[in-house]
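The values are calculated or read from the model by the stated rules, or taken from the named source; none is laboratory data. For clarity, every value in this text was computed on a predicted model and none was experimentally measured. FYI the Cβ positions are ideal-geometry reconstructions off the backbone, even for glycines, and counts take in every protein chain you see.
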Amino acid sequence: MQKLSLIIFSATAFAAGCLVGSSQGLSPHRIEAARQDNGRLSYEALLTYKKSNVLLNSLSEMLLKEERHKSATEGENYFALSVGGIDSLQDLEKGQGVDPETFAALYAGREIPQVAEHLETDNSGRIRYKGNIIRLYSRERLKDVFQRRAELQNRSGSVYD
């Protein structure tokens, strides 16, 4: 009788385990990154984007000529342009952190070829440049570049065409 009770109990526990395991109630919830609805921009917004892109490309060329801006990634680094230029290549070489847009672009695989040849990913998913983990600027450095942006905005307000 005890064996029969043990068998029935075991079968019931097994069936309950299968039932609970197959239900979604106790399974871990899958978390997905929030997706933004990037619907179509209005004509006016696209036109403004186009005009700002022309101006930012011009600013990028000027900062390159003045040797104030060197990008380690493809495309424009709008953050770097907004603070008067950043030498992202030098930042990578020093290994003391990069600006937020360079950081994001490197993790998105948008590096230029001369940087790509020195990148590797470690077991934790961190990207390394010549063996150094690529980090975001320190809090102090971020404060400094944002202060530089504020100063440029103030100074440019006094410049007239």
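List of remarks:
- Output for the range 90-128, where each listed residue is within 18 Å of the chain's Cα centre (by Cα) and part of a helix (DSSP H, G or I): D91, L92, P100, E101, T102, F103, A104, A105, L106, Y107, V115, A116
- Among helices (runs of 4 or more DSSP H) entirely within the range 1-89, having at least 1 residues that are at pLDDT 95 or above singles out 43-65, 78-82.
- All positions within the range 111-161 that are β-branched (V, I, T) and closer than 21 Å to L81 by Cβ: I112, V115, I134, V145, V159
- Every residue from the range 59-110 that is within 16 Å of K130 (Cβ to Cβ) and among the polar types (S, T, N, Q): S88, Q90, Q96, T102
- For beta carbons closer than 7 Å, sequence separation of 6+ or different chains, a first residue in the range 114-131 that is closer than 18 Å to D91 by Cβ and a second that is of a type in the set (D, E) and surrounded by 10 or more Cβ atoms within 10 Å (Cβ to Cβ), the qualifying pairs are L119/E111; R128/E120; R128/D122.
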